[in-house]
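Heads up: the structure comes next, in structure tokens.
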Amino acid sequence: MQHEDPRNGESDHRSSKKPKLSSKFITESDIRDEFSHHHPRVARINNGSFGSCPGSVLTAQRHLQLQFLRQPDAFYFNTLRDGITASRKIIKDFINADHVDEVSLVDNATTAAAIVLQRIGRSFAEGKFQKNDTVLMLHCAFQAVKKSIQAYVTRAGGSVIEVRLPFPVNSEEEIISEFKKSIEEGKSNGRKIRLAIIDHITSMPSLVIPVKELVRICRAEGIEQVFVDAAHAIGSVKVDVKEVGADFYVSNLHKWFFCPPSVAFLYCKKSTSSSDLHHPVVSHEYGNGLPVESAWIGTRDYSSQLVVPAVLEFVNRFEGGIDGIMKRNHDQVVKMGKMLMESWGTNLGSPPEMSAAMIMVGLPSRLCLNSEEDAVTLRSHLRDRYEVEVPIFHQVSKDGEEGVRDKDGFISGYVRISHQVYNTLEDYEKLRDAVNQLVEDGKTCKMLYTE
């Protein structure tokens, strides 16, 4: 009989106690103090890319780093393993997992994708899957995930089907319809879909995907395994892995959950054969279960994995805790998106209910944003000339489709704005005014190349 490794977590799987919400809630002045290390002049409305970490959590991290440097051996033997297990227990409760040993802490969602996809690749290479059996994914999946499929799956003989999502999108039904069409394509000619990769919140363009419904469709269609790439999820939408029903679910803790970079959790359902899942960096813990393998991949800084209790203390200073933060960010990003849309005479890329703490807002067509190069140029110009940090998306028009118009032409560019607790109205007014100034001056993206 195989015994559980106690380093994976307590064998009785008792829930850790959640700290109570503070009786004295955080003030706006406190929030400014917590994020006073941010550049004071930059309108930072791109939390979605790298996240943000409050000062109190950075202090806790620095304490752990110094503790290691003072006496590394004592830290390794007496602090590190128990500390990582404590963080995993907190995440287990947050995501409603059944067992703490279903939760591993890894660097980021890219690492988690490699863990899952190298296993799929081995199945192709070892002949467990047929050549040209396929992996299903959204066409707007994160580029690193696409590269992992290329590295592990297609080179081993697997194929890929991409679900072409509409954008702008008007309803969840549009996404569900395209997903079903792609499943039919994937199962054509006797092929089997061995894995479906579904984003919970797509990165660019940003949309909240009806992930529970898509997972149910996968199960009904006999798709063997489902991996949810939820890099932006925890801290911006409710995460309940049992409700979602996927085999694997990953979310970064440094994007919307206030951890310092970089750390993510990877949930692997207990019923899934986890003995065949391994960290891509092999160390002496290989074979002791993914949570233990991931907790030691050689000498490095593990402090970002250890500060989860400090993060929990921070979020519980807000009225409503993490739920209150999520509502605050969603309400504000929708409000700011509508303010920009009305000022620019454009549109939102999705209904408000299909956004979380990020939303897409159309840019005026007079900017003539016609390529990815234009998008990069405009983003750099906003950063360098106006001190505004915001991602820009180029919407490629489909053949025969005219797209959305403003009063001057077709809208081919969008900003993806984020809202986190440190953001203020002035941040979005700064973006609004910068874009309006460019339009008023008759500037196009091509003109910015030489400025």
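Quick notes
- Entry note, the chain: the mean residue ellipticity at 222 nm calculated from DSSP H runs of n ≥ 4, each adding -39500 (n - 2.57), is -11500 deg cm²/dmol after division by the residues and rounding to the nearest 500.
- Model label points for Gln150 and Arg81, set 7 angstrom from Cα along the Cα-to-Cβ axis, are 4.0 nm apart.
- Accessible carbon and sulfur surface of region 175-292 relative to its total accessible area, %, 1.4 Å: 48 percent
- Computed Rg/Rh of region 84-202, alpha carbon atoms with Kirkwood Rh: 1.03
- Probe 1.4 Å, protein heavy atoms only - accessible area per residue of region 274-358 in square angstrom: 38 Å²
- Cα-based Kirkwood hydrodynamic radius, region 251-368, one decimal, Å: 17.8 Å
- Shape descriptor for region 348-428: Rg over Rh equals 0.98 (Cα atoms; Rh from the Kirkwood inverse mean 1/r).
- Expressed as a whole percent, the accessible area of region 341-427 that falls on carbon and sulfur atoms is 47 (1.4 Å probe).
- Whole-Å semi-axes of region 200-296's equivalent ellipsoid (Cα gyration tensor): 24, 20, 10
- Charge sum, other residues only, whose C-beta stays under 10 Å from Gln130's C-beta, Lys/Arg counted +1 and Asp/Glu -1: +4
- Within region 230-262, the trypsin sites (Lys or Arg not before Pro) that combine a DSSP coil assignment with at most 15 other C-beta atoms in a 10 angstrom radius are Lys238.
- Per-residue surface analysis assigns Arg385 an accessible area of about 140 Å², computed on protein heavy atoms at 1.4 Å probe radius.
- Across the alpha-carbon atoms of region 145-229, the computed radius of gyration and Dmax are 12.9, 38 angstrom.
- Radius ratio Rg over Rh of region 79-136, counting only Cα atoms, Kirkwood formula for Rh: 1.14
- Solvent-accessible area, 1.4 Å probe, carbon plus sulfur percent, for region 16-130: 53 percent
- Relative contact order [Cα under 8 Å, 6+ residues apart], region 229-306, whole percent: 22 percent
- Over all Cα atoms in region 131-282, the spread is summed up by Rg and Dmax: 15.2, 47 Å.
- Mean Kyte hydropathy of -0.5 or more with a Cα span along the axis of at least 15 Å, helices from DSSP in the chain: 55-70, 81-95, 109-125, 321-344
- Region 383-445 - Rg (one decimal) and Dmax (whole number), Cα, Å: 14.0, 43
- Ordering Asp406, Asp98, Asp384 by accessible surface, largest first, gives Asp384, Asp98, Asp406; the 1.4 Å probe counts only protein heavy atoms, with every chain in place.
- Among the listed pairs Lys89/Lys335; Lys255/Lys327; Lys192/Lys398; Lys24/Lys269, those beyond 26 Å (Cα-Cα): Lys89/Lys335; Lys192/Lys398; Lys24/Lys269
- Applying the criteria of a DSSP loop state and at most 14 other Cβ atoms within 10 Å to the GluC sites (Glu not before Pro) of region 85-191 yields Glu126.
- Radius, Kirkwood style, for the chain when every pair of distinct Cα atoms is counted (Å): 23.2 Å
The values are calculated or read from the model by the stated rules, or taken from the named source; none is laboratory data. Being a predicted model, the structure only gives us computed values, none of them experimental. Here Cβ is always computed from backbone atoms with ideal geometry, including for glycine, and neighbour counts include all displayed protein chains. For accessibility, only protein heavy atoms count, side chains too; no ligands or nucleic acids. Shrake-Rupley method; radii C 1.70, N 1.55, O 1.52, S 1.80 Å.
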